[in-house]
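Read the structure below first, then the notes.
The values are calculated or read from the model by the stated rules, or taken from the named source; none is laboratory data. Since this is a predicted model, take the numbers as computed values, not measurements. Reconstructed Cβ throughout: ideal geometry from the backbone, glycine too, with neighbour counts over all protein chains shown. Note: areas computed on protein heavy atoms with side chains; ligands, DNA, RNA excluded. Shrake-Rupley method; radii C 1.70, N 1.55, O 1.52, S 1.80 Å.
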Amino acid sequence: MSLKNVRLEVMQHLEQDVDSLIEKYLIPVDSIWQPSDFLPDSESENFYEDVREIRELSKELPYDFWVVLVGDMITEEALPTYESWLMDVEGVGQVERNGWSKWVRHWTAEENRHGDVLNKYLYLSGRVNMREIEKTTQHLISDGFDIGTDRDPYKNFVYTSFQELATYISHNRVAKLAKEKSNKQLAKMCRIISGDEMRHHHAYAEFVERIFAVDPSQMMMAFHYMMKQKIAMPAHFLREAGGEISTAFEEFSNTAQRIGVYTSADYVDILRKLIKRWDIANIKDLNDEAEKARDYLMKLPDRMMRLAERMKIPENSYQFKWVEPA
Ligand SMILES: [Fe+2]
Ligand SMILES: [Fe+2]
């Protein structure tokens, strides 16, 4: 049987459990938080006062902080790209409405709240140029992305396992920075987003774990492939209006490193966590090629850490159109 057919069979086999995985990892609409839980109530008498408080507290946070929050928000707002990509993965049947497309829809519905709440908060903060931000978002959705996973479910689930943990880290660190400046409301909001990302990470990591149990060699090869080519961030095509793709993303990621929201050490740390979570050292029944892939993966974190330590981050902030100069 071809590798592709085996993957489809594995996806169909796992599909039987998708309903229980949705129940385990996602939260029903009536009990999950909504953006309005963390924003001033516009029906309330206190609305203007609450907005004024947001604007006052916003002044305490530095330029780089706002750049990172904007970049994180734009990344979340490009959700149409991620949903359509996942709907196209082998085994995910949108028209057939199979278990996998149900997962993708439910996951998307949870994710959609992230960009929504961040967008409204940034709008009220008075610290950012919404029109420039909106142009970047429109560009990013138009430009799409290419994360090098093909339609392969194995590679895509490695990608999402990694990426959900990366977003957990960055939203959580933003929450900490906000808390340090006594901005409790913003801290709470970012912490609750990071909680969603952590649940999603656990779900995707379990999908991979289940694939390892039935198709260990090919799952190992997919993990190896993704890590060898490096995980491209979902907003890697980010650009400002009138700007080129790539420069903006690089500066956004420099900014995130500079304020410690997401660093190359975090990248390596995520890789270590995945290796541990999937017990890569002890996976049985690997063919020769997959054994070699395992060796490569086991050595990779130390190798990458040495490179990460040597990386230099520019000290000065990069001026984005999204945020007024400090
Ligand atoms: Fe998200
Ligand atoms: Fe996410």
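Brief remarks follow.
One line per residue, one yes/no per condition, for (1) touching a residue at least 12 places away in the same chain (Cβ under 8 Å); (2) open to solvent by less than 20 Å² (accessible area, probe 1.4 Å):
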residue: 26; (1), (2): yes, yes
residue: 30; (1), (2): no, no
residue: 38; (1), (2): yes, no
residue: 43; (1), (2): no, no
residue: 56; (1), (2): no, no
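- Condition met for residue 115 (free of Cβ contacts under 8 Å to residues at least 60 places away in the same chain and open to solvent by less than 10 Å² (accessible area, probe 1.4 Å)): yes
- Which listed residue is within 25 Å of residue 308 (Cα to Cα), among the basic types (Lys, Arg) and outside any helix (DSSP H, G or I), from 176, 230: 230
- Filtering the range 166-190 to residues that are within 13 Å of ligand 1 (Cβ to nearest atom) and within 24 Å of residue 37 (Cα to Cα) leaves 167, 168, 169, 170, 171, 172, 174, 189, 190.
Yes/no per residue for (1) in contact with a Phe, Trp or Tyr (Cβ under 6 Å, 6 or more places away or on another chain); (2) of a type in the set (Lys, Arg); (3) under 18 Å from residue 159 (Cα atoms); (4) open to solvent by 40 Å² or more (accessible area, probe 1.4 Å):
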position: 223; (1), (2), (3), (4): no, no, yes, no
position: 231; (1), (2), (3), (4): yes, no, yes, no
position: 242; (1), (2), (3), (4): no, no, no, yes
position: 246; (1), (2), (3), (4): no, no, no, yes
position: 252; (1), (2), (3), (4): no, no, no, no
position: 269; (1), (2), (3), (4): no, no, yes, yes
position: 303; (1), (2), (3), (4): no, yes, no, yes
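- Restricting attention to the range 176-193, the residues that are within 17 Å of residue 262 (Cβ to Cβ), within 16 Å of ligand 2 (Cβ to nearest atom) and surrounded by fewer than 20 Cβ atoms within 10 Å (Cβ to Cβ) total 1.
- Residue count for the range 278-294, restricted to those that are acidic (Asp, Glu), open to solvent by less than 80 Å² (accessible area, probe 1.4 Å) and part of a helix (DSSP H, G or I): 1
- Selection of the range 73-86 for residues being in contact with a Phe, Trp or Tyr (Cβ under 9 Å, 6 or more places away or on another chain) and open to solvent by less than 20 Å² (accessible area, probe 1.4 Å) yields 73, 74, 78, 81, 86.
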